[in-house]
Amino acid sequence: FPPAVFPLSCVVQNYSWGKVGLESEVAKLVASGDPLVQIQPDQPYAELWMGAHPRGDALIRDNRIPQKTLGQWIADNPACLGAKVKDTFQGQLPFLFKVLSVNTALSVQAHPNKELAAKLHAQFPEHYPDANHKPEMAIALTPFEGMCGFRPVEEIVSFLQNVPELRALIGEVAAEQLERSGSDDPRGVSAALRVCFTRLMKSEKKFFVDQLNMLVKRISQEAAEGKDTSGSNGDLLLRLHSQYPGDIGCFTIYFLNLVRLEPGEALFLGANEPHAYLHGDCVEIMACSDNTVRAGLTPKFIDVLTLCEMLNYTPAPSSSKIFPAAQSQLDPHVYLYDPPVPDFTIMRIEIPASIKLYLISAMDSASILLVIQGTAVGTSTAAASEMSLQRGSVLFISANESISLHLSSPDGMLLFRACCLL
């Protein structure tokens, strides 16, 4: 039998928003996972892709396996996905697992649902490369900040009253419509919110740049005088403006929730949920798609009309965006992040130092295992030989295969395992 459990060497994406050199969790994981890798001190290490995506197909680190990449191996051995996964997702690994190290903000964006994705892909294949939806979930590795979903209306109204530059862009009529919309009429609230946000995003470039410059100047002066600028969300405004001067995305901070995650806390982003990651390191999992509709904080192609049409305009407090992990009934060391989509689930596995032998159990799905901390030797009847695991190691585990970990680290282990639980 060919080995069905094997180590991977994963693709790094050096996007400009990534943390630089060894400040990046991505770089640290890559460096400890493969001591031969040279980390460039001035290069951004933004994303580590663990999967079989054509733009970042992982290399197989086992010279007994004829296939070079995970994508080739799955194509030749589709049963490794597990029977249900193979049938449901047409012989493809349904998820892409990543580590992100965010230094400057990512674009304000949302991902389409399946219906819209198919339509956008048919009309504009150069911007929307596939027909799949792209729900995603991020779990913080370090304190992590992002914007996600529309704020409660009273917060937005408060900014409309405290930030005259914002009110000028939206216009008096739309602002008053939102102020008058009552909590007893959620559809009216969403309609008013849609008008306000669309007016902001479609405002004339010269006009919004002038308003933004006025706002930045005013906040900078107030901050210099030691005044409290929180009523205008001053700190975040100045930070985003320094990263993307003159960008309309700077104004989205008045509409979107600021969410702060502690390590282990998660954010689930369903279709049409507006979001932008701001800072920190996380593991992320998503359906295997590249479809992103962008509208600000980016030099890339932006599609304001589509974004404003598709968004979910339901206001909700930032606390409601944090997705809870459930401790497994079967194994108290496993915490499950199981979102309301079929494409993926993540397990966080915390093995205390007192345990010297731990079984990564078999399941009816292919999975990818990432070591965040700790060392062990892994053995499996499906592996060619024993595997040494340390921080940054990544393993592919075929469906229905298990691994015994012989732990050798004094402080236990922290692992994340991505899979598909149908």
- Task: Take peptides 339-349, 84-94, 314-324 and line them up by average Cβ neighbours within 10 Å, highest first, as a rough protection proxy.
- Result: 339-349, 84-94, 314-324
- Message: Can you give me the convex hull volume of the Cα atoms of segment 149-302, divided per residue and expressed in Å³?
- Response: 139 Å³
- Item | Residue (of Gln177, Leu70, Ala83) at the positive-pole extreme of the chain, dipole from beta-carbon charges | Leu70
- Query: Could you give the length gained on full extension between Asp228 and Thr88, defined as 0.36 nm per residue of separation minus the Cα-Cα distance, in nm?
  - Reply: 45.0 nm
- Message: Per DSSP helix of 4 or more residues, -39500 (n - 2.57); summed, then divided by the residues of the chain. What does that give at 222 nm, rounded to the nearest 500?
- Response: -7500 deg cm²/dmol
- On a 0 to 90 degree scale, rounded to 10, what angle separates helix 234-243 from the longest Cα axis of the chain? 70 degrees
- Query: With every protein chain present, what is the per residue accessible area of the chain (1.4 Å probe, Å²)?
  - Reply: 42 Å²
- Item | Reachable aspartates and glutamates, given that their alpha-carbon falls under 14 Å from the alpha-carbon of Lys206 and they are not under 8 places away in the same chain | Glu165, Asp247
- Task: Under a cut-off of 19 Å between alpha-carbon atoms, report the aspartates and glutamates in cross-link reach of Lys134, not counting same-chain residues fewer than 8 places apart.
- Result: Glu47, Asp57, Glu115, Glu126, Glu273, Glu284, Asp290, Asp303, Glu309, Asp338, Asp343
- segment 76-213, Cα convex hull volume normalised per residue, Å³: 211 Å³
- In whole Hz, what ³J(HN,Hα) sequence does segment 283-298 give by Karplus (6.51, -1.76, 1.60; θ = phi - 60°), x for Gly and Pro? 8, 9, 9, 8, 5, 6, 8, 10, 7, 9, 9, 10, 8, x, 6, 7
- Item | Fully extended contour minus Cα-Cα distance, from Glu204 to Ser388, at 0.36 nm per residue | 60.5 nm
- Given a Förster distance of 22 Å, the FRET efficiency implied by the Cβ-Cβ spacing of Leu359 and Val37, rounded to the nearest 0.05, works out to 0.15
- Message: What is the percent carbon and sulfur in the accessible area of the chain, measuring with a 1.4 Å probe over the protein chains and ignoring ligands?
- Response: 53 percent
- Item | Stokes-Einstein diffusion coefficient of the chain, Kirkwood radius over Cα pairs, 4 °C, 1.567 mPa s, in µm²/s | 57 µm²/s
- List the lysines whose Cα lies under 19 Å from the Cα of Lys205, skipping any in the same chain that are fewer than 8 positions away. Lys217, Lys300
- Note on the structure: Rg/Rh over Cα atoms for segment 335-422, Kirkwood Rh, comes to 0.96
- Query: Over segment 144-251, what is the relative contact order in whole percent, taking alpha-carbon pairs under 8 Å and six or more residues apart?
  - Reply: 26 percent
- For the chain: relative contact order, % (alpha-carbon pairs under 8 angstrom, 6 or more apart): 23 percent
- Item | Gain on full stretching of the segment that runs from Thr142 to Asn63 - 0.36 nm per residue minus C-alpha separation | 24.9 nm
- Between Ala224, Ala46, Ala266, which gets the highest mean-square fluctuation from a Gaussian network model of the chain, Cα cutoff 10 Å? Ala224
- Message: If I fit a long axis through the Cα atoms of helix 186-201 and take the longest principal axis of the Cα atoms of the chain, what angle between them do I get, 0 to 90°, rounded to 10?
- Response: 80 degrees
- Task: Please identify, among Phe97, Phe150, Phe159, the residue showing maximal mean-square fluctuation in a Gaussian network model of the chain using a 10 angstrom Cα cutoff.
- Result: Phe159
- Note on the structure: Using a 1.4 Å probe on heavy atoms of the protein chains only, the accessible area for Arg260 in Å², nearest 10, reads 150 Å²
- Note on the structure: Rg/Rh over Cα atoms for segment 246-331, Kirkwood Rh, comes to 0.99
- Task: Express in % the proportion of alpha carbon pairs of segment 1-99 at distances exceeding 24 Å.
- Result: 30 percent
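The values are calculated or read from the model by the stated rules, or taken from the named source; none is laboratory data. Note that the coordinates shown come from a computational prediction; the quantities given were computed from them, not determined experimentally. Positions of Cβ are backbone-derived with ideal geometry, glycine not excepted, and every protein chain shown enters the neighbour counts. The protein model used for the area step is the full one, side chains on, heavy atoms only, and it has no ligands, DNA or RNA in it. Shrake-Rupley method; radii C 1.70, N 1.55, O 1.52, S 1.80 Å.
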